[in-house]
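To start, the structure under review is shown below, and the notes come after it.
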Amino acid sequence: MRRIKTAIVGCGVISDVYMQSFRENFSVIELTACADLDEGRMNEMAQRYHIKAMDYEDILKDDSIELIINLTSPKAHYALSKQAILKGKHVYSEKMMAVTYEEGKDLCVLATEHQVRFGAAPDTFLGGGIQTARYAVAHGLMGNVLSGLLSLTRDYGVFGENLPHLFQNGGSVLYDMGGYYLTAVCSILGSVKRVSAFGARTETSHKVTRVGSPFFGKEIPLEEDNIVTAILEFENKALVTLHLNSGTIINENYHLELYGDKGILRMGDPNTFCGEVVLEKAQNQPVILPFTHGFQKQSRGLGAAEMAWSILDGRPHRASMEMALHVLEIIHGIFTSADSEKIYVMETKFELPKPLPEGFIGEGFWAAKEESALL
Ligand SMILES: NC(=O)c1ccc[n+]([C@@H]2O[C@H](COP(=O)([O-])OP(=O)(O)OC[C@H]3O[C@@H](n4cnc5c(N)ncnc54)[C@H](O)[C@@H]3O)[C@@H](O)[C@H]2O)c1
């Protein structure tokens, strides 16, 4: 079986999850090398996964490496992905593909010009939860989707004291978490037509009071709003409300709900692969739907693996650059609308990625193998 020779750039927290996933779940990815500005992290990951620690420049010069997986911090995504695309390599990027919409468009144009694949996270929409929800909607279990509610509350005052990028451009709750909610709903409903939004900041800067934090005592400016509310009008006329608040208490609350003329669908946390899907029909008790699809456990790397199988098969990949750019444009549209006090009209549209085939649940000796769903 041909495998896709792959290198990872960015050996931080999430790289361990990806590398483990490739070793255990996705045989199509032949992981050969990793790079990071931080040599200690790079060497540690290289040793742990028996791959080569290399300078990024040397990875780009190595013609045998076909795919780069970009797991660096969001601000580094654009420059590193661009370098790889210009060298004719396929790229899969962690979220978001870039910080600005302009940079995102540039990457998509370059990938098209250089005839390479460009895919981007989040890939949780390919997980058992959201694929089951999509199956339920597509099979008419809730009729026409009329409206929806996407809501998340967190406390980035606490998280940001360890991860100050959450206070910076491209790191606020809309980028960091909004992308999961927006990708999940877009992967079910398709493109958004117009966006109207308000934003607010609970503080202009945050003083780090966490004793022991390397940032203790620092006053970190909040570069983006930490409360965002928006209304998204989809091309199919559904009106969806987005509410994100990362200035409230630490207890996390999430809602991902769609309201149709024949039922209501509640999904689980779109930052996971396993969210339960609950269907409510008129004058019935709500029921938990059985999962129709596999990939219910931690499966980060699924989007990249699906892209690798698509490259081998010559078909479009599902975590497409068009859908990821559309989600980035929604984020851009939300900030633009909030700043200008005007409705933002979307420029981009995308084709809905094909759903994964039903089944392929589990990994037991007699169960269908999950990776076979990607062929
Ligand atoms: N941590 C999570 O739970 C999580 C979950 C899902 C997605 N993500 C996404 O994954 C990405 C990485 O997140 P993380 O938590 O692993 O961050 P991290 O800060 O732990 O790791 C990022 C790594 O990138 C390296 N890096 C930065 N710029 C670089 C450059 N120019 N060249 C080479 N290396 C560079 C850093 O040295 C660091 O080791 C982000 O896009 C994030 O949104 C993270």
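The values are calculated or read from the model by the stated rules, or taken from the named source; none is laboratory data. Just so you know, these numbers come straight off a predicted model, no measurement behind them. We place every Cβ from the backbone using ideal geometry, glycine too, and count neighbours over all the protein chains shown.
Listed values, structure above:
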| quantity | calculated |
| --- | --- |
| Selected residue (only one of 351, 306 is within 15 Å of residue 183 (Cβ to Cβ), acidic (Asp, Glu) and either assigned by TED's automatic domain parsing to the domain that holds residue 28 or not in a loop (DSSP other than H, G, I, E, B) (or both)) | 306 |
| Which listed residue, of 273, 350, 295, 335, is in contact with a Leu (Cβ under 9 Å, 6 or more places away or on another chain) and on the phi > 0 side of the Ramachandran plot | 295 |
| Residue list for the range 280-303, filter: within 16 Å of the ligand (Cβ to nearest atom), touching a strand residue (DSSP E or B) at 6+ places or on another chain (Cβ under 8 Å) and assigned to a loop (DSSP other than H, G, I, E, B) | 301 |
| Elements of type strands (runs of 3 or more DSSP E) in the range 217-261, at least 3 residues being over 24 Å from residue 281 (Cα atoms) and touching a Phe, Trp or Tyr at 6+ places or on another chain (Cβ under 9 Å) | 227-234 |
| Considering residues of the range 63-94 that are in a helix (DSSP H, G or I) and closer than 18 Å to residue 322 by Cα only, the residue nearest to the ligand (Cβ to nearest atom) | 77 |
| Residue, surrounded by the fewest Cβ atoms within 10 Å (Cβ to Cβ), within the range 4-19, restricted to residues that are in a strand (DSSP E or B) and more than 8 Å from the ligand (Cβ to nearest atom) | 5 |
| Residues that are within 12 Å of the ligand (Cβ to nearest atom) and not hydrophobic (A, V, I, L, M, F, W, C), drawn from the range 122-167 | 122, 123, 124, 162, 164, 165 |
| Residue among 135, 92 that is surrounded by 24 or more Cβ atoms within 10 Å (Cβ to Cβ) and hydroxyl-bearing (Ser, Thr, Tyr) | 92 |
| Any hit, the range 320-337, residues being part of a loop (DSSP other than H, G, I, E, B) and at pLDDT 95 or above | no |
| Residues that are under 22 Å from residue 372 (Cβ atoms) and part of a helix (DSSP H, G or I), drawn from the range 20-39 | 20, 21, 22, 23, 24 |
| Failed item in (1) under 21 Å from the mean Cα position of the chain (by Cα); (2) within 12 Å of the ligand (Cβ to nearest atom); (3) in contact (Cβ under 8 Å) with a residue 24 or more places away in the chain; (4) crowded, with 19+ Cβ neighbours inside 10 Å, with residue 56 passing the rest | (1) |
